[in-house]
Amino acid sequence: RAITVSPRPFVTIVDPGGPYCAAEPPVALQGVPAGGAWGGDAGPGGVFDPAGRPEGTYTVTYTYTDANGCSNTAEADIEVSSGTAVSIQQPGPLCAGDAPIVLAAQPEGGTWGGDAAPDGTFSPGAPGTFTATYELSDPSGCSGSASIDIIVRCS
């Protein structure tokens, strides 16, 4: 009687991309050859959902079994970034006509908007409520933002 020894199939996961931001939509993964089963941190059908996951590294696995009953498994790591936590320091009391102030935010290096100038300067020209926004992206491309209401009194 002859014994046939079959090689294990070549199995791979096509580059899963990333890093992903925790707020991004689910990502469809691709395993080769088609028809295998996903495991690890991959959901059914090879879907990886970064939403709500803490920052970190997640491992997905893909197992394929050929017609001879031989199987092999591939794995890949996927990075998830939680984004950048930003905050704006609330300025003290302001009166209309006060000298312009430079708003402060942490971490530094972001972009100002709303009623703040691009460099973070705010000019309290008239009484009212004004909104300043601040946004910063981390090295993986995930961003964080904050906004504050600035109240200008005294007329």
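Residue by residue through region 27-68, note down the ones that are among the polar types (S, T, N, Q) and within 18 Å of Thr12 (Cβ to Cβ).
Pass one, region 27-68, residues among the polar types (S, T, N, Q): 30, 57, 59, 61, 63, 65, 68.
Hits for region 27-68 are Gln30, Thr59, Thr61, Thr63, Thr65.
Pick from region 106-139 the residues that are at pLDDT 95 or above and among the aliphatic types (A, V, I, L, M): which of them is surrounded by the most Cβ atoms within 10 Å (Cβ to Cβ)?
Ala116
Have a look at Ala67, Ala42 and point out the one that is among the small types (Gly, Ala, Ser), under 29 Å from the mean Cα position of the chain (by Cα) and farther than 30 Å from Pro127 by Cα. First the steps, then the outcome.
Working: Ala67 fails: under 29 Å from the mean Cα position of the chain (by Cα).
Within the list Ala67, Ala42, the selection yields Ala42.
Output the number of residues of region 7-29 satisfying the condition of being open to solvent by 30 Å² or more (accessible area, probe 1.4 Å), part of a strand (DSSP E or B) and free of Cβ contacts under 8 Å to residues at least 60 places away in the same chain.
Here the count works out to 1.
Does region 78-90 contain any residue that is more than 20 Å from Asp138 (Cα to Cα), open to solvent by less than 60 Å² (accessible area, probe 1.4 Å) and assigned to a strand (DSSP E or B)?
No - not one qualifying residue is present in region 78-90.
The values are calculated or read from the model by the stated rules, or taken from the named source; none is laboratory data. Small disclaimer: the values here were computed from a predicted structure and weren't measured. Using ideal geometry, Cβ is built from the backbone for each residue, glycine included, and neighbour counts are taken over all protein chains shown. Just the protein is used for accessible areas: all its heavy atoms, side chains included, with ligands, DNA and RNA removed. Shrake-Rupley method; radii C 1.70, N 1.55, O 1.52, S 1.80 Å.
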